[in-house]
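The next block holds one structure in the form of structure tokens; read it before the comments.
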Amino acid sequence: LKRREELFLKSLGFSSKPNPVSPPPVPSILWRIFNQRMGSSIQKKKPDLCFVEELNVPGSVIRVFPDQGRFILPYSDYINPTQCLEKRLFFNISTIEKDERVTMGQLELRFSQNTYYGRVFDLRLYRTLQITLKGMGRSKMSRKLLVAQTFRLLHKSLFFNLTEICQSWQDPLKNLGLVLEIFPKKESSRMSTAKDECKDIQTFLYTSLLTVTLNPLQCKKPRRKR
Amino acid sequence: SYSKMPFTASNICKKRRLYVEFKDVGWQNWVIAPQGYMANYCYGDCPYPLTEILNGSNHAILQTLVHSIEPEDIPLPCCVPTKMSPISMLFYDNNDNVVLRHYENMAVDECGC
């Protein structure tokens, strides 16, 4: 029976029976897509197994990777008045098979609360190009700025397109992660202390990476009609 | 003649109900959803002559004909799935990532000879 189970798992794309150690909660977007697919609409028309309608991209597998990076400076130790948060982000995407083509990579930063009258923050997201010693990681050689934007906590989540970066991360040697920095907006920091400035951002909950991949063996291009 | 057929409606080839509960196969630790699904299976005889309800292929019809001539050498056709559908599965992989994936040909919708 075990041998038969192994053969079946292999045909489903597993080398062995998965054994999750500390499974995270299932992201709501995956529940939503799953319920849509398993709902009544699936009976009405034949589903396209190689296109994710909900995200409007070609693909057959959707994965959500939890962030395995660490805070560079924990909140409690933090006294730098110009910065609220600095965090490494790392997503181990090695489970994406070599044959799979990444068609979408989306980073989500999630906060536990949103507010219309919250403070304004500056955000910078860097791609790490090389590992450096502690305190030496700010040179242009070691990281590349991907995003610099201002935001207010109007929405619980911020999303960033990382499709091209995920494609390059399929080479594990190039996957050195990202660095996220959040600062209080300079104009608003005159009268208050750094602790007050960063209070809202301490609702920061987690980061995750959603990827969609296409397996060309499963999803062959239709032949052109003459 | 149909009246001489030794086959009854209960043992001819058709779809049989099979619900697979992932808990029963010890997969509940990593399969998040669904908890189980209607997999079904095909079972039954494909007698001579093949009628329309048995959904026989041209080859199966020919095989039953040859079987009637050479019953010891040529077996009757098999009862197999003729239409299958995919299911979506939400699961954890070995690295605790959450994955949503379609798997083709997981549920039997129709059977035939």
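Only the coordinates and a few stated rules stand behind these numbers; no lab work does. Quick caveat: nothing in here was measured; it's all calculated off a predicted structure. Cβ sites come from the backbone with ideal geometry, for glycine too, and all protein chains shown count toward neighbours.
Observations on the model:
- Between the amide H of residue B:57 and those of B:113, distances stay under 5 Å, these residues lying 5 or more places away or on another chain, with hydrogens modeled in the peptide plane.
- Our helix-only sum for chain B, with -39,500 (n - 2.57) per DSSP H run of n ≥ 4 divided by its residues, gives a mean residue ellipticity at 222 nm of -3500 deg cm²/dmol.
- Taking amide H as placed 1.01 Å from N in the peptide plane, residue A:147 has its amide H under 5 Å from the amide H of A:125, each at least 5 places away in sequence or on another chain.
- Residue-averaged beta-carbon neighbours from other chains (10 angstrom radius) around B:99-107: 6
- Placed amide H near residue A:52: partners under 5 Å, 5+ positions off or other chain: A:57, A:59
- Simple spin-label estimate for residue A:217 and residue A:12 gives 1.7 nm between the two label positions (7 Å along the Cα-to-Cβ direction from each Cα).
- Taken over the Cα atoms of chain B, the convex hull encloses 131 Å³ per residue.
- Here chain B carries DSSP beta bridges of which approximately 95% are antiparallel, counting only pairs with both residues inside.
- Couplings 3J(HN,Hα) of the range A:102-110, computed from phi: 6, 9, 7, x, 10, 8, 10, 10, 10 Hz, in residue order, whole Hz [Karplus 6.51 cos²θ - 1.76 cosθ + 1.60, θ = phi - 60°; x for Gly and Pro].
- By the beta-carbon count within 10 Å of each Cβ, the least crowded to most crowded order of A:65, A:71, A:160, B:91, fewest first, is A:71, A:160, B:91, A:65.
- Couplings 3J(HN,Hα) for the range A:153-163, derived from phi with the Karplus relation 6.51 cos²θ - 1.76 cosθ + 1.60 (θ = phi - 60°), are 6, 6, 10, 5, 10, 10, 10, 9, 7, 10, 4 Hz, where x marks Gly and Pro.
- Nearest 10 degrees, 0 to 90: helix B:58-69 Cα axis against chain B principal axis: 50 degrees
- Here A:57, A:212, B:108 are placed in order of increasing Cβ neighbour count within 10 Å, fewest first, which gives A:57, B:108, A:212.
- Per-residue average of Cβ from other chains inside 10 Å of A:17-29: 5
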